[in-house]
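Reading through the structure tokens given below for one structure.
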């Protein structure tokens, strides 16, 4: 239920209109409209999700655009989302992949409810949503059951550190198919880069990275051998056509992790 009695305490920018204000055991959940953009906010200075109202399938945040480029490397039958938020990538992938099935794991039921009501979260036979801790749920997923795992597990202020720990990464490798890909939205590359790289290499034959000093860093890790993990430009072009959004130039920023 919306309750705007403490509206003055909300950390939204000037010009934003709060259209939903909820609260659960983990904090407040805000939906804010800024003209043509609708934002999901967990009561902090950071946006959890953003949708362009006139073009809802286009990806607004740069990090989501980079995460979507995993489709250059694989044509998936099944995708698992660990951490849902407003469901930007689920909404987009559901639109452009008409035969793909999706599993999403989200800790907060109220986040799922808001995503369905305000962010066009798909709700059909191809989408299954589980309310659970993603780090627990991944241990219960079947071996070789997903072609892509999208890990975007954040609270209001930061990435959950377990998202880049060995135990979680090994579970993801187990759940992925032999040619499957894990895509992680990281706040930044760990300071112990060499040690982190060695750990990744011991789990995944192929590891790629989009690293930036201004944006989040995106990690791509695959069970496929490097020779079999090559991008197919036509897949990105097909995605661009369906979204009416240019993505191909971003491919130049994805490199081998140890380059």
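For the chain, the longest principal axis of the C-alpha atoms and the axis of helix 166-175 are separated by about 80°.
Taking Cα atoms only, the orientation of helix 233-243 departs from the longest principal axis of the chain by about 10 degrees. Taking label positions 7 Å along the Cα-Cβ direction at both residue 36 and residue 189, the computed distance is 3.5 nm, reported to one decimal.
Estimate the FRET efficiency between residue 116 and residue 166 by the formula 1/(1 + (r/R0)^6), using the beta-carbon distance for r and 35 Å for R0, to the nearest 0.05.
Numbers: r = 35 Å, r/R0 = 0.99.
Using R0 = 35 Å, I get an efficiency of 0.50.
Neighbour counts of other Cβ atoms within 10 Å put 230, 242 in the fewest-to-most order 230, 242. When 110, 152 are sorted by how many other C-beta atoms sit within 10 angstrom of their C-beta, beginning with the fewest, the order is 110, 152.
Compared with the alpha-carbon gap, the fully stretched path from residue 109 to residue 123 is longer by 3.6 nm at 0.36 nm per residue. Just checking the listed ones, 193, 246, 91: in the Gaussian network model of the chain with Cα springs under 10 Å, the one fluctuating most is 193. Which shape class, rounded, prolate or oblate, goes with the stretch 23-110 when its Cα gyration tensor gives a ≥ b ≥ c as root eigenvalues, a/c under 1.5 marks rounded, and past that a/b bigger than b/c marks prolate? Oblate, since a/c reaches 1.5 and b/c is not below a/b. Looking only at 25, 43, 178, which one moves most when the chain is put into a Gaussian network model with springs between Cα atoms under 10 Å? Of the options given, 25 has the highest mean-square fluctuation. The value of relative contact order for the chain, using C-alpha pairs under 8 Å at least six residues apart, is 16 percent.
Suppose only helical runs count, i.e. DSSP H with n ≥ 4. What mean residue ellipticity at 222 nm does that imply for the chain under -39500 (n - 2.57) per run, divided by all residues and rounded to the nearest 500 deg cm²/dmol?
It lands at -6500 deg cm²/dmol.
Per-peptide packing, taken as the mean over residues of other Cβ atoms within 10 Å, places 117-123, 161-167 in the sequence 117-123, 161-167 from highest down. Sorting 23, 255 from the fewest to the most surrounding beta carbons within 10 angstrom yields 255, 23. Centroid-to-centroid, using Cα positions, the stretch 47-108 and the stretch 115-142 are 12 Å apart.
Taking a ≥ b ≥ c as the square roots of the eigenvalues of the Cα gyration tensor, an a/c ratio of 1.5 or more together with a/b no larger than b/c marks the stretch 33-73 as oblate. Taking a ≥ b ≥ c as the square roots of the Cα gyration tensor eigenvalues, with a/c under 1.5 meaning rounded and otherwise prolate when a/b beats b/c, else oblate, which class fits the stretch 62-256? Rounded is the answer for the stretch 62-256, as its axis ratio a/c remains below 1.5.
Mean-square fluctuations from a GNM of the chain, with a 10 angstrom spring cutoff on Cα atoms, peak among 179, 197, 211 at 197.
Bear in mind these aren't lab numbers, they're just calculated from the coordinates by the rules spelled out. Note that the structure is predicted; figures quoted are calculated from it, not measured. When we count neighbours, we look across all protein chains shown, and the Cβ atoms used for this are built from the backbone with ideal geometry, even at glycine.
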